[in-house]
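Worksheet: one structure, shown below.
The values are calculated or read from the model by the stated rules, or taken from the named source; none is laboratory data. All values reported here derive from a predicted model rather than from experimental measurement. Neighbour counts run over all protein chains shown; Cβ positions are idealised from the backbone, glycine included. All accessible areas refer to the heavy atoms of the entire protein, side chains included, with ligands and DNA or RNA removed. Shrake-Rupley method; radii C 1.70, N 1.55, O 1.52, S 1.80 Å.
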Amino acid sequence: MCIRDRLECDLSQAELRIAAWMAWEETMLRIYREGGDIHIATACAVMGITAQQFAKLPKDEQKMARFRAKAVGFGFLYGMGWRKFRAYARTDYGLKYTEEEAQRIRRVFFETYPGLAVWHETMGEFVREYGYVRTLHGAIRRLPAVWSSEETMQWSAVRQAVNSPVQRFA
């Protein structure tokens, strides 16, 4: 019996980096070009403070704000609505948001990274027309549910059209 060595690696913020490139989201790309941390940038936007103000926060507050920003970034990256975000943040991160907070955070996220909203729209239009999406390395994900008579099935297919190319490539 032969045991092979495994190599595993983790590219920091891979999904966010891939989505930034696919969406050509200028703010995110600038943050990455400058060696920044997208979670800290998102935390600052949500908190309404500058990076300098963030740096002056106690380390435990910085850590918690960055943790909360991960839920925001990974939640809204693929077009999650504020209602689903509340449930996602609670179950996956143990965070509780009011309806008003979730709505505000979603609005701030897409104001901060407007290229993502345009990308979501573009991907939705493409999948509605063709019924599939393609990853960066050429793999095809067929999403015929986009043509379903059920609106929830259509919406799910559109979210998968945004999610699949990033997830599969990452």
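Miscellaneous remarks
- Listed conditions (1) out of contact with any Lys or Arg (no Cβ under 6 Å at 6 or more places or on another chain); (2) assigned to a loop (DSSP other than H, G, I, E, B); (3) not hydrophobic (A, V, I, L, M, F, W, C) are all met by D92, apart from (2).
- Residue check, V166 at pLDDT below 95, in contact with an Asp or Glu (Cβ under 7 Å, 6 or more places away or on another chain) and closer than 18 Å to A14 by Cα: yes
- Condition met for R4 (open to solvent by 50 Å² or more (accessible area, probe 1.4 Å), over 25 Å from A157 (Cα atoms) and modelled with pLDDT under 95): yes
- Candidates F110, F76, F126, F85, filtered to the one that is among the aromatic types (F, W, Y), at pLDDT 95 or above and in contact with a strand residue (DSSP E or B) (Cβ under 8 Å, 6 or more places away or on another chain): F126
- Selection of segment 126-152 for residues being open to solvent by 100 Å² or more (accessible area, probe 1.4 Å) and under 19 Å from the mean Cα position of the chain (by Cα) yields only R134.
- Only one entry of A87, A43 meets the criterion of being of a type in the set (G, A, S) and surrounded by 14 or more Cβ atoms within 10 Å (Cβ to Cβ), and that entry is A43.
- Qualifying residue in segment 44-55 (condition: part of a helix (DSSP H, G or I), of a type in the set (F, W, Y), at pLDDT 95 or above and over 11 Å from the mean Cα position of the chain (by Cα)): yes
- Number of the exception - V133 against (1) within 14 Å of M22 (Cα to Cα); (2) assigned to a helix (DSSP H, G or I): (2)
- Within segment 98-125, the only residue that satisfies the criterion of being exposed (fewer than 15 other Cβ atoms within 10 Å of the Cβ) and among the hydrophobic types (A, V, I, L, M, F, W, C) is V118.
- Any hit, segment 18-36, residues being in contact (Cβ under 8 Å) with a residue 24 or more places away in the chain, closer than 27 Å to S156 by Cα, exposed (fewer than 14 other Cβ atoms within 10 Å of the Cβ) and not acidic (D, E): yes
- Taken over segment 77-115, the criterion of being touching a residue at least 12 places away in the same chain (Cβ under 8 Å) and of a type in the set (G, A, S) is satisfied by G79, G81, A89, A102, G115.
- Test: residue in segment 139-150 that is in contact with a strand residue (DSSP E or B) (Cβ under 7 Å, 6 or more places away or on another chain), in contact (Cβ under 8 Å) with a residue 12 or more places away in the chain and either part of a helix (DSSP H, G or I) or small (G, A, S) (or both): no
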